[in-house]
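Colleague: Can you keep this structure in mind? I'll have questions shortly.
Please treat every number below as a calculation from the coordinates, not as lab data. Keep in mind that what you see is a predicted model, and the values were worked out from it rather than measured. Please note: Cβ atoms are built from the backbone with ideal geometry, for glycine as well, and neighbour counts cover all protein chains shown.
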Amino acid sequence: MDERGFTLVELLVGMTILVGVMMATFSVLDDSTRIASRDNERSSAIDEARVGVDRMVRELRHARQVTTATPQVLNVTVLRRGIDQQVEFNCSTTMPAPDNALRRCTRSVAGGPGEVLVDRIRTIGTSDTSAFTYTPSTGTPRHVAVRLAVAVDGGKKGGYRESLVLTDGTRLRNVP
């Protein structure tokens, strides 16, 4: 039975190979952690935007009257618990620095403070900046569509560069 063992050179070569394999493994784990963080931010940004658009559309379903309507601002009268309330949806509010190239949609009741519904909105192209579109486009709107391009990087550098376009709409059920 041979009990010579390994030589010093064999041990050094084996340790060098092991260190190389471990460094490659840790590099892959580091990349995976970075990608997972970026994906979590993207998922969170999408969920927050979707909830904001859903809330906006749900409230628009119960509108009784469209007071003023522009491509970025929509004022409606909503019957809530038996009381008419003036609700403004404003998608032209500029975000604070360093994101002041982006906008946000806010909701305010009777001129009160604005509550942020959707953050980090980008302009869609150069000609279409409408957040709200209406049918018919003149007179009293019967259908309102909401279309927002949301930056899905979550505000992090190195995040996703594309925008997610969220589109939803509703027929205004209570307009006479």
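Colleague: If contacts are Cα pairs under 8 angstrom and at least 6 residues apart, what is the relative contact order of segment 9-171 in percent?
Modeller: Details: 278 pairs, mean separation 32.7, N = 163.
Once divided by the residue count of segment 9-171, the mean separation gives 20 percent.
Colleague: Under the rule of -39500 (n - 2.57) per DSSP H run of 4 or more residues, summed and divided by the residues of the chain, what mean residue ellipticity at 222 nm is obtained, to the nearest 500 deg cm²/dmol?
Modeller: Working: 1 runs with 53 residues, N = 176.
Counting only the DSSP helices, I get -11500 deg cm²/dmol.
Colleague: Enter the angle in degrees (range 0 to 90, nearest 10) between the Cα long axis of helix 8-60 and the first principal axis of the Cα atoms of the chain, meaning the one along which they spread out most.
Modeller: 10 degrees
Colleague: Additional query: In nm, give the distance between the simple-model label positions of residue 92 and residue 32, each being 7 Å from the Cα along the Cα-to-Cβ direction.
Modeller: 5.0 nm
Colleague: Could you tell me how far the Cα centroid of segment 7-45 sits from the Cα centroid of segment 79-109, in Å?
Modeller: Rounded to whole Å, the Cα centres lie 46 Å apart.
Colleague: What ranking, highest mean first, results for peptides 94-105, 19-30 when packing means the other Cβ atoms within 10 Å averaged over each residue? Each step should come with its number before you reach the end.
Modeller: On the way: 94-105: 14.8, 19-30: 10.0.
Order by mean packing, descending: 94-105, 19-30.
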